[in-house]
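Peer 1: Structure provided below as structure tokens; questions to follow.
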Amino acid sequence: MTINTKNENGKLTLALAGRLDTNTAPELESELKLDGVNEIAFDFSELDYISSAGLRVLMTAQKAMMAGGGKMTIAHPNDMVRGVFDMTGLGSVFEILP
């Protein structure tokens, strides 16, 4: 998995490519430096796969944003990734943009 990160004016943008799974979830966790961040925007246009380990990282980030009054969005998931969100019921928990 590759992660391109940009942090501007309190908005952390992360573009992920490849697979977010048990092996790569710790890498994403280490990129989520949330000091001074009030918005997280994930770009999943190049993400091929997400596992429960990846979902756990996203849920932790969402919880941190909600606790601080911030916002988190997920944009451009492919059909397979979107299906995982819908199947787990997390499609209604996360703000998912087409």
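Peer 1: If you fit an axis through the alpha-carbon atoms of helix 79-88 and take the longest principal axis of the Cα set of the chain, what angle between them do you get, 0 to 90°, nearest 10?
Peer 2: Approximately 80 degrees, to the nearest ten.
Peer 1: Hey, what number do you get for the chain at 222 nm if only DSSP H runs of n ≥ 4 count, each worth -39500 (n - 2.57), divided across all residues, to the nearest 500?
Peer 2: Taken over the chain, the calculation gives -10000 deg cm²/dmol.
Peer 1: Need one number: % antiparallel among DSSP beta bridges in the chain, to the nearest 5.
Peer 2: Beta bridges within the chain, antiparallel portion: roughly 30 percent.
Peer 1: If you don't mind, there's one more thing I want to ask. Determine ³J(HN,Hα), in whole Hz, for all residues of the range 52-67 in sequence, where each value follows from phi through the Karplus function 6.51 cos²θ - 1.76 cosθ + 1.60 and θ = phi - 60°; x replaces Gly and Pro.
Peer 2: 4, 5, x, 4, 4, 4, 5, 5, 5, 5, 4, 4, 5, 5, 5, 5
Every number here is computed from the coordinates shown, using simple stated rules; none is lab data. Not measured: the values here are computed from a predicted model.
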